[in-house]
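J.: Below is the structure I would like to discuss, written out as structure tokens.
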Amino acid sequence: QVQLVESGGALVQPGGSLRLSCTASGFTFSNVAMSWYRRPPGKERELVARISSTGVSTTWSNWKGRFTISRDDAKATVYLQMNSLKPEDTAVYYCYADFRTGYWGQGTQVTVSS
């Protein structure tokens, strides 16, 4: 059974940093590309960053320079390092495993507010 469990979401002040984690089980993690998406309040879900099975990472332009995706295959975990957080980064963040029909985690809430 495929499981993706996100953690690390929190309330943080503008300018702060967070590292989100997504730990996977039920499949061969090292063979799968992983992504982070987010859904801001009242908006559609949007792709933030993706990392291939070989470790090639892409952060979409809106967040390039502030957000970095990485993976640790030994721990079956993908990370999203978020720096210089802004109130508009407030969202539920989801990880996504890109194989078969695709699998989603349950999401973790990030709130950026003073």
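The values are calculated or read from the model by the stated rules, or taken from the named source; none is laboratory data. Bear in mind that the values here come from a model prediction, so they are computed numbers and not experimental data. Positions of Cβ are backbone-derived with ideal geometry, glycine not excepted, and every protein chain shown enters the neighbour counts. All accessible areas refer to the heavy atoms of the entire protein, side chains included, with ligands and DNA or RNA removed. Shrake-Rupley method; radii C 1.70, N 1.55, O 1.52, S 1.80 Å.
J.: Only one of (1) within 15 Å of the chain's Cα centre (by Cα); (2) within 11 Å of Val78 (Cα to Cα); (3) open to solvent by less than 60 Å² (accessible area, probe 1.4 Å); (4) touching a residue at least 40 places away in the same chain (Cβ under 8 Å) is not met by Thr23, so which one is it?
T.: Unmet condition: (3).
Per-residue answers, yes or no, for (1) at pLDDT below 95; (2) on the phi > 0 side of the Ramachandran plot; (3) of a type in the set (A, V, I, L, M); (4) part of a strand (DSSP E or B):
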residue: Leu20; (1), (2), (3), (4): no, no, yes, yes
residue: Thr23; (1), (2), (3), (4): no, no, no, yes
residue: Ser30; (1), (2), (3), (4): no, no, no, no
residue: Arg38; (1), (2), (3), (4): no, no, no, yes
residue: Pro41; (1), (2), (3), (4): no, no, no, no
residue: Ala49; (1), (2), (3), (4): no, no, yes, yes
residue: Ser53; (1), (2), (3), (4): no, no, no, no
residue: Trp63; (1), (2), (3), (4): yes, no, no, no
residue: Ile69; (1), (2), (3), (4): no, no, yes, yes
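Quick grid of which residues meet (1) open to solvent by 70 Å² or more (accessible area, probe 1.4 Å); (2) over 17 Å from Leu4 (Cβ atoms); (3) among the aromatic types (Phe, Trp, Tyr); (4) more than 13 Å from the chain's Cα centre (by Cα):
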{"position": "Val56", "(1), (2), (3), (4)": "yes, yes, no, yes"}
{"position": "Arg71", "(1), (2), (3), (4)": "no, no, no, no"}
{"position": "Tyr79", "(1), (2), (3), (4)": "no, no, yes, no"}
{"position": "Phe99", "(1), (2), (3), (4)": "no, no, yes, yes"}
{"position": "Gly105", "(1), (2), (3), (4)": "no, no, no, no"}
{"position": "Thr111", "(1), (2), (3), (4)": "no, yes, no, yes"}
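J.: Please count how many residues of the range 31-58 are over 21 Å from Thr111 (Cβ atoms) and not hydrophobic (A, V, I, L, M, F, W, C). So that I can check it myself, show each step before the final result.
T.: If we filter the range 31-58 for residues that are over 21 Å from Thr111 (Cβ atoms), which is where we start, we get 31-35, 50-58.
Retained after the next criterion (residues that are not hydrophobic (A, V, I, L, M, F, W, C)): 31, 35, 50, 52-55, 57-58.
Residues that pass the stated criteria total 9.
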